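Presented below is the structure to which this report refers.
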Amino acid sequence: MADPSTETAGMNALRGRLEIANVAKSFGSVAAVDNVSFTAQAGEITGLIGPNGAGKTTLFDSIAGEQLLDAGTVTLDGMRIDGQPPHAVFRHGLARTFQIPRPFPKMTVLENLMVVPMDQHGERFWNAWIRRADVARQEAALREKARGVIEFCRLSAVENQQAGAISGGQQKLVEIARALMSDPRIILLDEPGAGVNPVLLDIIVDRIRELNRGGMTFLIIEHNIDFVSSLCDHLVVMAEGANIAEGTVSDVMARDDVIDAYLGGNAA
Amino acid sequence: MSGFSIYLIFFLIIALNYGIMGLGLNLQWGYTGLFNAGVVGFYAIGAYGAAILVGPDRDYLIGGFDLPWPVAILGGMALAALAALIVGLATLRLREEYLAIATFGIALSLQLVALNFESLTGGANGLVGLPRPLFHLFEDSTTYNLFFLGLVIVILGIVWFGLELAVRSPWGRLLRAVREDESAARSLGKNITLIRLQVFVLGCSLIGLSGGLYVAFIGFVSPTDFLPLLTFQVWAMLIVGGSGNNAGAVLGAVVVWALWTMSGLAISRVAPVELQSQAGAIQVMLIGLLIVAMLIFRPRGLIGEKTGGS
């Protein structure tokens, strides 16, 4: 397979418009996400920032179906995806990564990718007995696709290593690579830069940019302001469960209330 | 034939039949991470199911369908699968500890049902005098046992081969992904509840197959064959042999059953007559010790899972 970025580059209509409308999620009396609305535009990189405890990851979990919403709707390219379990949300084209990477640790990097594509014939056990040639053919195609993605994500050197044995930064790349295996409409990244060494961070930033150039839509939680300002087209700021500001990076960063919330939250 | 080889044949029939059960548990735990703590319950269902289907019609018993053995054993498997489906639907959405507790409880209850539902199971006496498959074709029980050993080896071979093909296929990769991190698998579009249910039912049907074969071999079934101890023995077999490896599951069955029978023999020789019945507890302690020692010194088992490289 060619570069995943060029594969989508030929498409005219951009995909991955994610509309969050009046979303709320409480745990007991704590409103983790309180009436949040914003839209990640198709083909853009939207950054979601805010101090620790602002509700960003809870919002991610709610979008991805890990948490049921108390109120509000989530719409991906016009399809309602709220109220569905995570695997169904993924099938609608929304892929996400985790704040702390969750590779399948005892499986190789290649296997981590090959497990992803949906509706593999070999996922039905009886096909291992009665449709062996068909499964083998599909496996060969999947392996080739996975190798392409691995190469694109600069992971070829660790392709056959156990995913639990590679560095945290490489695991973040594995998660991005896994997401790419499903040709998603949008990728949600939860702190892709946290705890990653500068060399790998550059690779991650560069790969995200390259994918975006090919039309991929991203919604990214990130604390690293350099990371955010170099990548994002649009920023959403959350504090104490609510979105308090939204706009271009320079607009948002110039606002006093954002700086207060951010610095106040971090200083606390 | 010498007394030793006669015993060896008997030993191997039992051990390799436990190997079939071990393969079922390995599919559940070794490949998918499902904690089935009620192995003996599904073994009992397979055994009683087969016994009721094959048994002669008797006035005082429900059942006695007089069906041929292959049908009876498949029927026992189907009943074990059905029970697994019901248990699985109720518990597999929950976290793994709940599955362990639920299956353990169900296995205990089933043993009590076997003991008390006299009109179906024969109660404490069990179901006796079942026709053994093809027994009339053999002159003596030694040659019959040799035949039965061959039968168990063939069935074990078929199960083994089928499982090996399946766990090396993308299906097996999917099971390992669920075992490694079910949240990640779910976030990558995998319906883990369905996968777990599928594996639980398949594994339990193999455990039921083992129960049916056991009854076919000994020709009767009684509640004392289905004590919780058996669940721990099968777990010890899987841990010793190597969870996540089908060869390990079978090897563990042979090794642990050998240790079990030899330790029983040794204890009966050494212990004074008046303490014989209490001495049996030493065997159980040895099994516990073996599990703990394996987990400390060689957690992957004798031949554990092969990982890395594809």
More than 8 Å from every other protein chain (Cβ to nearest Cβ) and surrounded by fewer than 22 Cβ atoms within 10 Å (Cβ to Cβ): does that describe A:Q41?
yes
Could you tell me which residue of segment A:119-139 is nearest to the other protein chains (Cβ to nearest Cβ), considering only residues that are open to solvent by less than 20 Å² (accessible area, probe 1.4 Å) and closer than 22 Å to A:I150 by Cβ?
A:G122
Out of the residues in segment B:278-307 that are surrounded by 15 or more Cβ atoms within 10 Å (Cβ to Cβ) and within 14 Å of another protein chain (Cβ to nearest Cβ), which is modelled with the highest pLDDT?
B:R300
So for segment B:28-49 (the condition being free of Cβ contacts under 8 Å to residues at least 40 places away in the same chain and part of a loop (DSSP other than H, G, I, E, B)), does at least one residue qualify?
no
Helices (runs of 4 or more DSSP H) contained entirely in segment A:174-268, each with at least 2 residues that are of a type in the set (G, A, S):
A:225-231, A:256-267
Of (1) more than 14 Å from every other protein chain (Cβ to nearest Cβ); (2) modelled with pLDDT of 95 or more, B:P133 satisfies every one except (2)
From the set of residues in segment A:65-81 that are surrounded by fewer than 23 Cβ atoms within 10 Å (Cβ to Cβ) and not in a strand (DSSP E or B), which is nearest to the chain's Cα centre (by Cα)?
A:E66
Within segment A:49-59, can one find any residue that is more than 17 Å from the chain's Cα centre (by Cα), over 30 Å from A:A165 (Cβ atoms), within 12 Å of chain B (Cβ to nearest Cβ) and open to solvent by less than 60 Å² (accessible area, probe 1.4 Å)?
no
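Condition check ((1) away from chain A (no Cβ under 14 Å); (2) touching an Asp or Glu at 6+ places or on another chain (Cβ under 6 Å); (3) under 30 Å from A:G122 (Cβ atoms)) across all residues:
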| site | (1), (2), (3) |
| --- | --- |
| B:R95 | yes, no, yes |
| B:T103 | yes, no, yes |
| B:L108 | yes, no, no |
| B:L137 | yes, no, no |
| B:L149 | yes, no, no |
| B:I195 | no, no, yes |
Any residue at all in segment B:137-148 that is polar (S, T, N, Q), closer than 30 Å to B:S183 by Cα and open to solvent by less than 60 Å² (accessible area, probe 1.4 Å)?
no
Can we say A:V252 is modelled with pLDDT under 90 and open to solvent by less than 40 Å² (accessible area, probe 1.4 Å)?
yes
Given the residues A:V116, A:V74, which is the only one that is facing chain B (nearest Cβ under 10 Å) and at pLDDT 95 or above?
A:V116
Candidate set: segment A:92-113, residues that are closer than 19 Å to A:A42 by Cβ and either surrounded by 19 or more Cβ atoms within 10 Å (Cβ to Cβ) or of a type in the set (S, T, N, Q) (or both); chosen: the one nearest to the other protein chains (Cβ to nearest Cβ)
A:R96
Reported set for segment B:89-104 where residues are surrounded by 14 or more Cβ atoms within 10 Å (Cβ to Cβ) and part of a helix (DSSP H, G or I) is B:T91, B:E96, B:Y98, B:L99, B:A100, B:I101, B:A102, B:T103, B:F104
For segment B:157-190, the count of residues that are assigned to a loop (DSSP other than H, G, I, E, B) and either touching a strand residue (DSSP E or B) at 6+ places or on another chain (Cβ under 6 Å) or more than 7 Å from chain A (Cβ to nearest Cβ) (or both) equals 1
Hey, among B:I86, B:I6, B:I13, B:I62, which residue is open to solvent by 10 Å² or more (accessible area, probe 1.4 Å), over 19 Å from B:Q198 (Cβ atoms) and either of a type in the set (D, E) or in a helix (DSSP H, G or I) (or both)?
B:I6
Would you mind stating whether B:L53 is part of a helix (DSSP H, G or I) and open to solvent by 20 Å² or more (accessible area, probe 1.4 Å)?
yes
Pairs, please: C-beta under 6 Å, at least 6 apart or cross-chain, first residue outside any loop (DSSP other than H, G, I, E, B) and in segment A:142-165, second surrounded by fewer than 16 Cβ atoms within 10 Å (Cβ to Cβ)?
A:K145/A:M1; A:G148/A:M1; A:I150/A:S156; A:F152/A:D3; A:Q162/B:G308
Can you name the number of the only condition in (1) in a loop (DSSP other than H, G, I, E, B); (2) touching a strand residue (DSSP E or B) at 6+ places or on another chain (Cβ under 9 Å); (3) more than 10 Å from chain B (Cβ to nearest Cβ) that A:Q84 fails?
(2)
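The values are calculated or read from the model by the stated rules, or taken from the named source; none is laboratory data. This is a predicted model, so every value here is computed, not measured. Methodologically, a virtual Cβ is constructed for each residue, glycine included, from the backbone with ideal geometry; neighbour enumeration extends over all protein chains shown. We work out accessible area using only protein heavy atoms, side chains counted, and drop any ligands, DNA or RNA first. Shrake-Rupley method; radii C 1.70, N 1.55, O 1.52, S 1.80 Å.
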